[in-house]
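The values are calculated or read from the model by the stated rules, or taken from the named source; none is laboratory data. Everything numeric in this text was worked out from a predicted model, so none of it was measured. Backbone-built Cβ (ideal geometry, glycine too); neighbour counts: all protein chains shown.
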């Protein structure tokens, strides 16, 4: 099973294009280009300067590239068939995705962004529903790797829902139809990262024993 997902190249290209458009806006006192006008309108609607908007798009691009690299790293570890899921990498990947969704959800308000959200949301729903919920109370009490993974997924799914609704990529009815059940996180990002770190070092120590 795949535990991480990458932003499509079309979306990465779109981010770079937006940055280039903003650079033209900053260098042209009387922009006539339609895409330039769109960026100016976007900045005005958010009541921020074009230079700040350009900086945000750059950060969005950098974090998106970092996310894709982390996803590749995670999937490589899984394909290597290690004895245990690399839970710390899994947690870091997912909270970076959550950070991107929470901070830059408005940047998904375009065809490529909305399609990316729909795909990622659908993939996360499949991952969520494919989990084996047998003995979940035991996993919760033991703070197992499975519990850490489930709690992490809850955080990301919440952010995916907010972002998807925010840009109208999905409707409330469409989201409700997935019947996701209890997706309210019980653990914080700090706690989950801490638990994941413990699991990683437990595994290392067992290998050395």
* To do: Please verify whether segment 92-108 includes one or more residues that are surrounded by 17 or more Cβ atoms within 10 Å (Cβ to Cβ), farther than 28 Å from residue 174 by Cβ and either in contact with a helix residue (DSSP H, G or I) (Cβ under 9 Å, 6 or more places away or on another chain) or at pLDDT below 85 (or both).
  => yes
_Based on this model, can you work out whether residue 63 counts as modelled with pLDDT of 90 or more and either farther than 26 Å from residue 187 by Cα or touching a helix residue (DSSP H, G or I) at 6+ places or on another chain (Cβ under 9 Å) (or both)?_
yes
With criteria (1) in contact (Cβ under 8 Å) with a residue 40 or more places away in the chain; (2) loosely packed, with under 15 Cβ neighbours inside 10 Å; (3) assigned to a helix (DSSP H, G or I), residue 168 comes up short on (3)
Scanning segment 12-44 residue by residue, the ones that are surrounded by fewer than 17 Cβ atoms within 10 Å (Cβ to Cβ), over 22 Å from residue 116 (Cα atoms) and under 25 Å from the mean Cα position of the chain (by Cα) total 0
Over segment 129-145, the set of residues under 22 Å from residue 72 (Cβ atoms) and part of a helix (DSSP H, G or I) is 145
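Let's see how each residue does on (1) touching a helix residue (DSSP H, G or I) at 6+ places or on another chain (Cβ under 9 Å); (2) surrounded by 15 or more Cβ atoms within 10 Å (Cβ to Cβ); (3) modelled with pLDDT of 95 or more:
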residue	(1), (2), (3)
137	no, no, no
144	yes, yes, no
161	yes, yes, yes
178	yes, yes, no
191	yes, no, no
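Inside segment 45-63, can you point out the residues that are surrounded by 14 or more Cβ atoms within 10 Å (Cβ to Cβ) and within 24 Å of the chain's Cα centre (by Cα)?
If we filter segment 45-63 for residues that are surrounded by 14 or more Cβ atoms within 10 Å (Cβ to Cβ), which is where we start, we get 50, 53-58, 60-61, 63.
Within segment 45-63, 53, 54, 55, 56, 57, 58, 60, 61, 63 qualify.
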